[in-house]
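Nothing in this text is a laboratory measurement; each read-out follows from the coordinates by a stated rule. From a predicted model like this one, the values you see are computed outputs, not experimental measurements. Cβ coordinates were reconstructed from backbone atoms using ideal geometry, including for glycine residues, and neighbour counts include every protein chain displayed.
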Amino acid sequence: MSILNILKYPDSLLQTKAKPVSKVDEEIKRLITDMAETMYFAKGIGLAATQVGVHKRVAVLDVPKDHTKHEGKIFKRGENLIALINPEITDHEGEIKYEEGCLSIPGFTADVKRFSKVAVRALNKDGNEMEIHADGLLAIALQHEIDHLDGILFIDRLSKLKRDIIKRKIKKAIESEKKML
Ligand code: GNR
Ligand code: NI
């Protein structure tokens, strides 16, 4: 097991479109294990291979269920772990705006418009086909991770005005970080 380095915006590798996985072999299983460990270490709810510089269509997610609905039971990491290989949105409905963050753009969030429900078809880590029907935060996170595999960040989904404003803020933050060193 290893913790991988997460690429940060404006690293241009984050704009790479990932290639489909042709065979779910030991290398892909190892990648999934390392990505899950990295996601938990970074306290994220999802991670795409693109974010660790591997341009293969692989993502992991662990979206906590609303534990107010599960009284007395606290969310344990690993319980909702999903690994997706070659994920595709096969159906969608509705619209939702949600304040998104990203491990590749730490410290910044913005309201992003997404489908409120999605059906996603993918292979699991055993190479078997599966379909997930999701709403709520899981639906949002699935779309966010599939975007990464297409080289798209949440800031790319904002209006030009909002995107320019957030990009300027990120640039400023990076510059002041550099001065601190
Ligand atoms: O940890 C994450 N939280 C999150 C919150 C709202 C919408 C999307 C996300 S995904 C993000 C982890 C990440 O950057 N995955 O690519
Ligand atoms: Ni992200």
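Taking K and R as +1 and D and E as -1, what net charge do the other residues with C-beta under 13 Å from the C-beta of LEU158 add up to?
With Lys, Arg at +1 and Asp, Glu at -1, the neighbours total +4.
Against the longest principal axis of the chain, how steep is helix 160-180, in degrees 0 to 90 to the nearest 10, with axes from Cα atoms?
In the chain, helix 160-180 runs at an angle near 70 degrees to the longest axis.
Calculate I(q)/I(0) for the chain by the Debye formula, one identical point scatterer on each C-alpha and no solvent, and give its log10 at q = 0.14 Å⁻¹ to two decimals.
-0.79
Would you mind putting 1-12, 112-123, 33-44, 142-153 in packing order, based on average other-beta-carbon counts within 10 Å, highest first? Don't skip to the end; give the middle numbers.
Values: 1-12: 13.7, 112-123: 18.9, 33-44: 17.4, 142-153: 21.1.
Averaged packing, sorted descending, gives the order 142-153, 112-123, 33-44, 1-12.
Need one number for the stretch 98-181: average projected area of the convex hull over its C-alpha atoms, nm².
7.1 nm²
Per DSSP H run of n ≥ 4, the term is -39500 (n - 2.57); total these for the chain, divide by its residue number, and report the mean residue ellipticity at 222 nm rounded to 500 deg cm²/dmol.
Helix-only estimate at 222 nm: -9500 deg cm²/dmol.
Once the other residues with Cβ under 11 Å from the Cβ of VAL60 are scored (Lys, Arg +1; Asp, Glu -1), what is the net sum? Before the final figure, lay out the partial values.
Values: positive: LYS125; negative: ASP34, GLU37, ASP62, GLU145.
Net of charged neighbours comes to -3.
Given the pairs LYS65/LYS117; LYS117/LYS172; LYS43/LYS125; LYS56/LYS117; LYS43/LYS97; LYS29/LYS178, which are separated by over 27 angstrom at their Cα positions?
Exceeds cut-off: LYS117/LYS172; LYS29/LYS178.
Given q = 0.20, 0.22, 0.23, 0.24 Å⁻¹, what are the Debye log10 I(q)/I(0) values for the stretch 76-134, with equal point scatterers placed on the Cα positions and solvent ignored?
Each listed q corresponds, in turn, to -0.98, -1.04, -1.05, -1.05.
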